[in-house]
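Values quoted throughout were computed directly from the atomic coordinates according to the rules given, and no laboratory measurement underlies them. Here the structure is a predicted model, which means the values were calculated and not measured.
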Amino acid sequence: MSPDWSRYKVSSTFSGSALVMRQDDILFDRQQGYANRAERIENRTSTRFGIASGCKLFTAIAVCQLIEQGKLAFTSTLGECLTIDFPTFDPAVTVEQLLTHTSGIPDYFDESVMVDFEELWRQRPMYHIRQLRDFLPMFQHEPMRQERGVSQYNNAGYIVLGLIVEQASGLIFSDYIERFVFKPADMTDSGYFSLDALPAHTALGYIDHADGSWRTNHYSIPVKSGADGGAFVTAQDMAKLWNALLGHRLLGEEMTSRLLTPHVKVNDKGVHYGYGLWIQLDANRHVFKYHVMGYDPGVSFHSAYYPATDIVSVVCSNESDGAFDLMKVIEQKAGVSS
């Protein structure tokens, strides 16, 4: 028996948008909290939310598209596909290793040792970060972090992939994604926006403090990011992305299958990484879910596709946490818990 979503109550502390769909059938659709607290503008279906690292899937799709076109190869090395100099990097680093976080290159934000993303902008103001090349001074001349082939989540690797997309396509990275990922997926409300020029219907990100005060995240994240995070999407647009990807409207069937393949084992709990997304296997080694997630100050995001039930879930929040807890509750409600 299908669960009765009409009686489901979202936690009163959640701020954002949550959507659960099975193909074109909306099972659950809820918006709550404020997109703009000062003006008391509520979050709506049309509200766009930042999704941080959830954008890495868009970058991976773009790279795979260019490989399908013969402009790149998974085995292409940095020296073969970029004119930018990386004097301390292993010259044998490949596109595929960048996609799977096994390149070993230094990271500008090492999540294994740094917990405060805001620390990055104390020496290098965030308003200087407006294009992918602006990230380069933060890691370009640093030594390799580890040997190639070792799994270690790496944001800088996706910045490099974005630069590869720019050189191979001749387009600014965000323009490429909007034209060749968002448009064919019918993601008409999504885009890469600058924090100092946000369009209408875009949620501000909020950072709450223990004393009850709050502030926006405008001085806590790059003013415009890109290949490793930075897009704004509606929950419905993110569901459209899954449908377009799984329906082979973004990549051919063979390339889609390769993107969704568990390439790297991350831990002993069934977690693997494909290209730009996480893959959770169940006890029988079957895929329980494909998912993406993102966390920044003032941003919390989870979205997943569950192949056994053909369900897509999206949780966008304009606060620093909340998406993970709601996603787990949705999985239990939908009967798709691992």
*Any idea what Rg and Dmax come out to for the stretch 46-100 if you just take the C-alpha atoms, in Å?*
14.0, 45
*With each run of n ≥ 4 DSSP H residues scored as -39500 (n - 2.57), what mean residue ellipticity at 222 nm is computed for the chain after dividing by its residue count and rounding to the nearest 500 deg cm²/dmol?*
-6000 deg cm²/dmol
*Picking from Ser300, Ser12, Ser220, which is most flexible by a Gaussian network model of the chain using Cα springs under 10 Å?*
Ser12
_Two-decimal log10 I(q)/I(0) for the stretch 125-266, as the Debye equation yields it once each C-alpha is a single scatterer, q = 0.11, 0.13, 0.15, 0.21 Å⁻¹_ = -0.54, -0.75, -0.98, -1.41
*Most mobile of His302, His101, His218 per a Gaussian network model of the chain (Cα springs, under 10 Å)?*
His218
*Which length gain, in nm to one decimal place, applies between Trp214 and Glu147 when the Cα-Cα distance is subtracted from 0.36 nm times their residue separation?*
19.9 nm
*Please list, in chain and number order, the residues 5+ apart from Gly274 or on another chain whose amide H is under 5 Å from its amide H, with Hs placed from the backbone.*
His263, Ile279
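Just to be sure I understand: of the beta bridges DSSP finds with both ends in the chain, what percent are antiparallel, rounded to 5?
95
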_Students often get this wrong, so check it: of Lys183/Lys333; Lys269/Lys333; Lys56/Lys269; Lys183/Lys269, which have C-alpha atoms separated by over 28 Å?_
Lys183/Lys333; Lys183/Lys269
_Using Cα-Cα distances under 8 Å and only pairs 6 or more residues apart, what relative contact order does the chain have, in percent?_
25
